[in-house]
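First comes the structure, then the notes that go with it.
The values are calculated or read from the model by the stated rules, or taken from the named source; none is laboratory data. If you're wondering where the values come from, they're calculated on a predicted model, not measured in any experiment. Here the Cβ is made from the backbone with ideal geometry for all residues, glycine too, and neighbour counts use every protein chain on show.
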Amino acid sequence: MSITNSKVDLYLKEGCGRCPLGNTPECKVNFWPNELIKLRKIILSSGLTEEVKWSMPCYTFESKNILILSAFNDSCAINFFKGALLKDPNKVLEKPGENSQSARYLRITSVTQIKELESVIKAYISEAIELERSGAKVEFKKNPEPIPEELLVKFEENPDLHSAFLALTPGRQRGYILFFSAPKQSKTRESRIEKCIPQIMNGKGIND
C-alpha cells in the first residue's frame with residue numbers, strides 16, 4: 001500500500017474547504033465518510049501516489065494525474081482524468097457533462113456497491129496507469145463552444161492547469177470558455193486566461 005498523505009486525512013475530516021460548509025455536518029464529504037475511506041484504501045493498494053490538488057484527494061503515477069476523489073450531495077465518485085480511453089466493459093463510467101471528452105466518473109452511493117465493484121475498480125485503475133505509462137492522449141473534438149487556441153496552448157505548457165480545468169464541473173468549464181473566447185484580440189484572450197489561472201487551479205468557477 002502507498003503512503004497516506006496527511007492532507008487527505010484532513011480532507012476526510014474537514015472537507016475541501018472551498019465553500020463555507022467546510023468542517024460542518026453539511027459538508028458533502030461528511031455525507032460519504034465510509035465510502036470515501038473504502039475507496040481511498042482500494043486506490044492506495046494500486047500503488048498510486050496520494051496528493052491533494054484543487055483541495056481534493058488526487059492520485060498520480062510518476063507525477064501524472066490519474067484520478068481524483070469527489071464528494072457530491074447524492075454520491076461520491078472516482079473521476080478518471082482520461083476515462084474516455086478506458087474500455088469500460090462493465091459500463092459503470094459516465095460523463096460528468098454532455099460535452100465532456102476526457103473525464104469519466106464512477107459514481108458510488110454505498111459501501112456495499114464498492115465491495116461489489118472492488119475488482120472492477122482495481123482493474124480500471126490498473127488500465128488507467130498503463131494508459132498513462134504508454135503516453136496515450138485523448139483526441140479532443142470541437143465543443144459547441146470551441147476551446148480557444150490560447151487556452152489549448154496553456155494546457156500544453158502546463159498539464160496541471162489542464163487537469164485542474166478537467167476537474168471543474170462542466171458548467172464552470174463552459175463559463176471560462178465563453179469568457180476567454182469573447183475578446184476579438186488574441187492578446188486580450190491571453191490576458192484573461194493568465195488572470196484566471198489561480199482561480200482554475202483552486203477549483204473555482206469564473207463567478208465563484
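Residue pairs whose Cβ atoms lie under 9 Å apart, sitting 6 or more positions apart in sequence or on different chains, and linking a residue in the stretch 183-208 that is of a type in the set (Ser, Thr, Tyr) to a partner that is not in a helix (DSSP H, G or I), are Ser186/Pro148; Thr188/Ala182; Ser191/Pro183. Identify the residue in the stretch 178-208 that is more than 18 Å from Trp54 (Cβ to Cβ) and among the hydrophobic types (A, V, I, L, M, F, W, C) and, among all such residues, is surrounded by the most Cβ atoms within 10 Å (Cβ to Cβ). Only one residue fits best here, namely Phe180. The residues of the stretch 53-75 that are surrounded by fewer than 22 Cβ atoms within 10 Å (Cβ to Cβ) and either over 12 Å from the mean Cα position of the chain (by Cα) or at pLDDT 95 or above (or both), listed by number, are Thr60, Phe61, Glu62, Ser63, Lys64, Phe72, Asn73, Asp74, Ser75.
When Ser45, Ser55 are screened for being within 15 Å of Gly203 (Cα to Cα) and touching a residue at least 60 places away in the same chain (Cβ under 8 Å), only Ser55 passes. Only one of the numbered conditions (1) hydroxyl-bearing (Ser, Thr, Tyr); (2) within 21 Å of Phe72 (Cβ to Cβ); (3) at pLDDT 95 or above is not met by Ser126, and that is (2). Out of all the residues in the stretch 13-26, is one or more outside any loop (DSSP other than H, G, I, E, B), crowded, with 16+ Cβ neighbours inside 10 Å and within 16 Å of the chain's Cα centre (by Cα)? No, that holds for no residue.
Here is a yes/no grid of residues against (1) touching a Pro at 6+ places or on another chain (Cβ under 7 Å); (2) in contact (Cβ under 8 Å) with a residue 40 or more places away in the chain; (3) closer than 18 Å to Leu48 by Cα; (4) in the same structural domain as Gly17 (by TED's automatic domain parsing):
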| position | (1), (2), (3), (4) |
| --- | --- |
| Cys76 | no, yes, no, yes |
| Leu85 | no, yes, no, yes |
| Asn90 | no, no, no, yes |
| Pro96 | yes, yes, no, yes |
| Ser100 | yes, yes, no, yes |
| Val120 | no, no, yes, yes |
| Phe140 | no, no, no, no |
